[in-house]
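Q: Quick one: this structure, given as structure tokens, is what I'll be asking you about.
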Amino acid sequence: MAWTAADVPDQSGRIALVTGANSGLGLETAKVLAERGATVVLACRNQVKARTAATLIGGATELLELDLASLDSVRAAAAEVHERFDRLDLLINNAGVMVPPHQRTADGFELQFGTNHLGHFALTGLLLDRLRDVPGSRVVVLGSLAHKLARGGINFDDLQSERRYHRVGAYAQSKLANLMFMYALQRRLAAEGAQTIALGAHPGFSATELTRHVPAPLQSINAMAGAPFTQPPDRGALSTLRAATDPRAMGAHYYGPDGPFEWRGRPVLKASAATAHDRAAQDRLWAVSEDLTGVSFG
């Protein structure tokens, strides 16, 4: 039977932090969780848009300023969470940037790798103590079909694209890093007997603001193709919602659409590329990420 938002169980009493919750997939994810009774923390860079989103969502929503492209902002946001909440039930690492012109974060990292991976790596590490002992708690990492384009794996010799920048290649690498982090995190959580599990999801080909940097010719093709190839954000968010709430979900499960090419459809279990399961590369990425962010998971 097709899994829909109606299958999200009651979330009353749970606290969910969703990054990038002011628009697109994050907004739709937050909306459903709030409708099911969760207190949803909208962790967003733009607080004006976050307030608008909170009004739209209704229910129990909290605002948190978070710029994943700045480790200072990540640390400040994590400190604020510690002050305001004694636990978290869900951490949904949703926010991201996609194929922008070459830019750097406040800390000098290539923007996509720094935001999509390093920012979320640091945030998760700084908040894990609020999740570890909470029964049923989960970390959900948003991946992408694009991770399969990083066929050579993580380019450890040029992580920050200093020698050569290819916007699609850098995006693919950042999304591969997201999944490698999720699998490595799940291994560590299971080894220490934590209550928390880590899972992944991808939204298929969803029409959101994330595609604003996609080159104009591809935008035109997408506009002409229309509905047969894309799905609206509320459908794209179903994979995240299933990973976050399905009682049958297990650690390291990865959900995506069931339609052709995984572009659209209802969320089901999917397989990620073999490169995402390379444990030696996962461990190397973990060590590099701790070094670059200064965040250790202990």
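Q: When residues of the stretch 259-298 are filtered for being hydrophobic (A, V, I, L, M, F, W, C), within 17 Å of K148 (Cα to Cα) and assigned to a loop (DSSP other than H, G, I, E, B), how many remain?
A: The total comes to 3.
Q: Right, something else. Between T196, T245, T208, T240, which is surrounded by 17 or more Cβ atoms within 10 Å (Cβ to Cβ), closer than 29 Å to L33 by Cα and modelled with pLDDT under 95? So that I can check it myself, show each step before the final result.
A: Details: T196 fails: modelled with pLDDT under 95; T245 fails: modelled with pLDDT under 95; T240 fails: modelled with pLDDT under 95.
Being surrounded by 17 or more Cβ atoms within 10 Å (Cβ to Cβ), closer than 29 Å to L33 by Cα and modelled with pLDDT under 95 holds for just one of T196, T245, T208, T240, which is T208.
Q: Do we find that A172 is more than 17 Å from R284 (Cβ to Cβ), free of Cβ contacts under 8 Å to residues at least 60 places away in the same chain and touching a Leu at 6+ places or on another chain (Cβ under 6 Å) in this structure? Talk me through it step by step, then tell me what you get.
A: Numbers: more than 17 Å from R284 (Cβ to Cβ): yes; free of Cβ contacts under 8 Å to residues at least 60 places away in the same chain: yes; touching a Leu at 6+ places or on another chain (Cβ under 6 Å): yes.
Criteria met by A172.
Q: What are the pairs with Cβ atoms under 6 angstrom where one residue, in the stretch 266-286, is within 16 Å of R242 (Cβ to Cβ) and the other, located anywhere, is basic (K, R) and part of a helix (DSSP H, G or I)? Sequence gap at least six, or different chains.
A: Listed by first residue and then by second, the contacts come to P267/R242.
Q: Does the stretch 128-138 contain at least one residue that is on the phi < 0 side of the Ramachandran plot, small (G, A, S) and touching a helix residue (DSSP H, G or I) at 6+ places or on another chain (Cβ under 6 Å)?
A: no
Q: Quick one: how many residues across the stretch 1-23 are buried (at least 22 other Cβ atoms within 10 Å of the Cβ) and under 20 Å from P232 (Cα atoms)?
A: The qualifying residues number 5.
Q: Just to be sure, is L292 surrounded by 15 or more Cβ atoms within 10 Å (Cβ to Cβ) and within 18 Å of the chain's Cα centre (by Cα)? I'd like the intermediate steps shown before the answer.
A: Details: surrounded by 15 or more Cβ atoms within 10 Å (Cβ to Cβ): yes; within 18 Å of the chain's Cα centre (by Cα): no.
No; evaluated as a whole, the condition is false for this residue.
Q: Quick check on the stretch 82-113: of everything there that is of a type in the set (V, I, T) and in contact (Cβ under 8 Å) with a residue 60 or more places away in the chain, which residue is farthest from D72 (Cα to Cα)? I'd like the intermediate steps shown before the answer.
A: Going through the stretch 82-113, the residues of a type in the set (V, I, T) turn out to be 92, 97, 99, 105.
Okay, now just the ones that are also in contact (Cβ under 8 Å) with a residue 60 or more places away in the chain, so 92, 97, 99.
Values: I92: 20, V97: 19, V99: 24 Å.
Among those that are of a type in the set (V, I, T) and in contact (Cβ under 8 Å) with a residue 60 or more places away in the chain, it is V99.
Q: Separate question: Check off (1) assigned to a helix (DSSP H, G or I); (2) surrounded by fewer than 23 Cβ atoms within 10 Å (Cβ to Cβ) for V74 and give me the number that stays unchecked.
A: (2)
Q: Among the residues of the stretch 259-298, what is the count of those that are closer than 28 Å to T105 by Cβ and either modelled with pLDDT under 95 or small (G, A, S) (or both)?
A: The total comes to 11.
Q: While we're on this one: With (1) at positive phi; (2) at pLDDT 95 or above as the list, and L90 as the residue in question, which single condition is left unmet?
A: (1)
Q: Do we have T124 as among the hydroxyl-bearing types (S, T, Y), touching a helix residue (DSSP H, G or I) at 6+ places or on another chain (Cβ under 9 Å), at pLDDT 95 or above and over 19 Å from G169 (Cα atoms) here? Step through it out loud before you land on a result.
A: Working: among the hydroxyl-bearing types (S, T, Y): yes; touching a helix residue (DSSP H, G or I) at 6+ places or on another chain (Cβ under 9 Å): yes; at pLDDT 95 or above: yes; over 19 Å from G169 (Cα atoms): yes.
For T124, the condition - among the hydroxyl-bearing types (S, T, Y), touching a helix residue (DSSP H, G or I) at 6+ places or on another chain (Cβ under 9 Å), at pLDDT 95 or above and over 19 Å from G169 (Cα atoms) - is met.
Q: Can I ask one more? Being of a type in the set (A, V, I, L, M) and farther than 22 Å from S296 by Cβ is the filter; apply it to the stretch 54-71 and report the residue that is surrounded by the fewest Cβ atoms within 10 Å (Cβ to Cβ).
A: The residue in question is L56.
Q: Restricting to the stretch 78-122, name every residue that is more than 23 Å from N155 (Cα to Cα), among the aliphatic types (A, V, I, L, M) and assigned to a helix (DSSP H, G or I).
A: Across the stretch 78-122, the qualifying residues are A78, A79, V81.
Q: If we keep just the residues of the stretch 124-161 that are in contact with a Leu (Cβ under 7 Å, 6 or more places away or on another chain) and part of a helix (DSSP H, G or I), which is farthest from V295 (Cα to Cα)?
A: The extreme case among them is H147.
Q: So how many residues does the stretch 133-162 have that are within 18 Å of W286 (Cβ to Cβ) and of a type in the set (V, I, T)?
A: Going through the stretch 133-162 one residue at a time, the tally reaches 3.
Q: Another question, if that's okay. Just a yes or no: is a residue in the stretch 242-258 among the aliphatic types (A, V, I, L, M) and part of a helix (DSSP H, G or I)?
A: yes
Q: Within the stretch 248-265, take every residue that is touching a residue at least 24 places away in the same chain (Cβ under 8 Å) and under 30 Å from E192 (Cβ atoms) and give me the one that is surrounded by the fewest Cβ atoms within 10 Å (Cβ to Cβ).
A: M250
The values are calculated or read from the model by the stated rules, or taken from the named source; none is laboratory data. Just so it is clear, the model here is predicted, and its values are computed rather than measured. Virtual Cβ from ideal backbone geometry, glycine too; neighbours counted across all protein chains shown.
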